[in-house]
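Participant: I have a structure here, written as structure tokens, and I will follow up with some questions on it.
None of the figures in this text is laboratory data; all of them are computed from the coordinates on show. Remember, predicted model here, so these are calculated numbers, not experimental data. Neighbour counts run over all protein chains shown; Cβ positions are idealised from the backbone, glycine included.
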Amino acid sequence: MSEKPRHAPLIQFPIVDDELVIGDMPLTRLAEQVGQTPFYAYDREAMSRRVRDLREVLPTDISLHYAMKANPMPTVVDHMASLVDGLDVASLGELRVALGSGMDPAEISFAGPGKRDQELSAAVAAGITVNLESPGELERIAVAGERLGITPRVAVRVNPDFELKSSGMKMSGGPKPFGIDAEQVPAALARIGELGLHFRGFHIFSGSQNLKAESLIEAQDASFELAYRLADDAPAPIEVLNIGGGFGIPYFPGEQRLDLTPVSENLAQRLDTCRSRLGDSEVVIELGRYLVGEAGVYVCRVIDRKISRGQTYLVCDGGLHHHLAASGNFGQVIRKNYPVVKADAVNDGPRETVSVVGPLCTPLDLLADRMELGTAGPGDLIAVLQSGAYGYTASPHLFLSQPAAVEVLV
Ligand SMILES: *Cc1c(COP(=O)(O)O)cnc(C)c1O
């Protein structure tokens, strides 16, 4: 019989005396310092280490941007801003935080469908780059620039004619609300020239949460080729080519860590060609989840322990309303367990198979479905790992009027 698939080994946090250590502090002590459960804790050093390791493997002349929507907590963004070369925002709210971090506006870009006129004006006033998602948006930003007497800086986000295979979330290929269809790009480029906007380059983002090096390589190759083709119609040199990201992290049993070595080797070759085709364009990779996802935990406390028809439930003070993704309701097709542990019994001691549920009156409020954990009861802390990205701000806080969680960077 084959062995049950297991979660990828935990690498981001030390385990001392069988307890998770976050930001140099055992988690039970950190919980006292935070002063309430549930909470999210993000580990500054784990983020720094991730960026350092990534830069070590990637070609040195690749620029690294942080896609803020993965974790927009202002102190996290400030910290990330000190590590990366640029920030990608997806709303005016994120733009304010990005500007507050001190990041050079020239290194901030704004993508996302449905940018309001105020958002476009704010972006123009700030001097950041707007990744255009439609011909209509192109006209509206020109009006904003005219009104402000400032030349808008724009890139064209391209909806490619290919898709990123084995991606957790497909963002390209076929009809999409994101980006301008590759075949409509030449007309958009001509219009950018006519309107006298500052053309910066292309943004080609083809997907997210990918653990397969081959698929990433294929998508990156296709992105470069597409950019070369489209560059023929560009009204100005390509200053920036943003080839997206999509690097994934292992969440579920059986998933393997992404091997970046082949991705990086391929990129190095591609950069050589790119230099001869596009001159000295800056090539950018934008990542959210990969940079912060493994650096965070969600922590809640067991309120009640009950046995129903032979199944043990740990009922906690946190759940789906703070952590939709761990409940399996954020883009998953078949629900699987995130890595969940009892904070001070990670590997050893008595174990039992339990389901960890939250306080909401819905069967969807499930953090772990029949998982083996250290034996726990009321008062004990449960930690959900891999929770640094798409956690709190991607969850329906107001559902059932439960108390909010807090977020700390340690
Ligand atoms: C969401 C998003 C990202 C970040 O994706 P991750 O999977 O978190 O790395 C990057 N670029 C764009 C345009 C996005 O919308």
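Participant: For the chain, what relative contact order do you get, as a whole percent, if you take Cα pairs closer than 8 Å and at least 6 residues apart?
Facilitator: Computed value for the chain: 19 percent relative contact order.
Participant: When a/c reaches 1.5 or more, the comparison of a/b and b/c decides; with that in mind, is the stretch 353-410 rounded, prolate or oblate per its Cα gyration tensor?
Facilitator: It comes out oblate by the Cα gyration axes.
Participant: Rank-order 280-291, 49-60 by packing density, defined as the average count of other C-beta atoms within 10 Å over each peptide's residues, highest first.
Facilitator: Output ranking for 280-291, 49-60: 280-291, 49-60.
Participant: Given the pairs K69/K306; K69/K212; K69/K342; K4/K212; K4/K176; K115/K336, which span a C-alpha to C-alpha distance of over 27 angstrom in this model?
Facilitator: Violating the 27 Å Cα-Cα cut-off are K69/K306; K69/K342; K4/K176; K115/K336.
Participant: Please arrange K176, K115 by how many other C-beta atoms lie within 10 Å of their C-beta, fewest to most.
Facilitator: Sorted ascending by nearby Cβ count, the order is K176, K115.
Participant: Then there is this: Defining a contact as two alpha carbons under 8 Å apart and six or more residues distant in sequence, what relative contact order in percent does the stretch 266-377 show?
Facilitator: Rounded, it is 24 percent for the stretch 266-377.
Participant: If you restrict to DSSP beta bridges whose two residues both lie in the chain, what percentage is antiparallel, to the nearest 5?
Facilitator: Here the antiparallel bridges make up roughly 45 percent for the chain.
Participant: To continue, here is another question. Long-range amide H contacts for L87: which residues qualify at under 5 Å (H placed 1.01 Å from N, peptide plane, sequence gap of 5 or more or a different chain)?
Facilitator: For L87, the qualifying residues are Y66, I108, S109.
Participant: Pull up all non-local amide H partners of D304: gap of 5 or more, or a different chain, and H-to-H distance under 5 Å with H placed in the peptide plane.
Facilitator: Close amide H contacts, sequence-distant or interchain: V315.
Participant: Let me ask another. Students often check this: by mean Cβ neighbours within 10 Å, which of 25-33, 208-216 ranks highest, and how do the rest follow?
Facilitator: 208-216, 25-33
Participant: What order do you get for 11-21, 88-98 when each peptide is scored by the mean count of other beta carbon atoms within 10 Å, highest first?
Facilitator: Result, highest mean Cβ count within 10 Å first: 88-98, 11-21.
Participant: Which of V263, V76 comes first, and how do the rest follow, when ranked by fewest Cβ neighbours within 10 Å?
Facilitator: So the residues, fewest neighbours to most, are V263, V76.
Participant: Helix-only estimate, please: 222 nm mean residue ellipticity of the chain, summing -39500 (n - 2.57) across DSSP H runs of length 4 or more and dividing by its residues, to the nearest 500.
Facilitator: Value at 222 nm, helices only: -9000 deg cm²/dmol.
Participant: Under the rule that a partner needs its Cβ under 4.7 Å from the first Cβ, which Cys of the chain have none?
Facilitator: Cys with no partner Cβ under 4.7 Å: C274, C361.
Participant: What relative contact order, as a whole-number percentage, does the stretch 33-151 give when Cα pairs under 8 Å and 6 or more residues apart are counted?
Facilitator: Here the relative contact order equals 17 percent.
Participant: So how strong a dipole does the chain carry about its Cα centre when Lys and Arg Cβ are +1 and Asp and Glu Cβ are -1, to the nearest 20 debye?
Facilitator: Charge dipole, the chain, about its Cα centre: 920 debye, nearest 20.
Participant: Need one number: convex hull volume per residue for the chain, Cα atoms only, in Å³.
Facilitator: Spread over its residues, the Cα hull of the chain gives 146 Å³ apiece.
Participant: Average the reciprocal distances over every distinct pair of alpha-carbons in the stretch 107-252, invert the result, and give the Kirkwood radius in Å.
Facilitator: 15.5 Å
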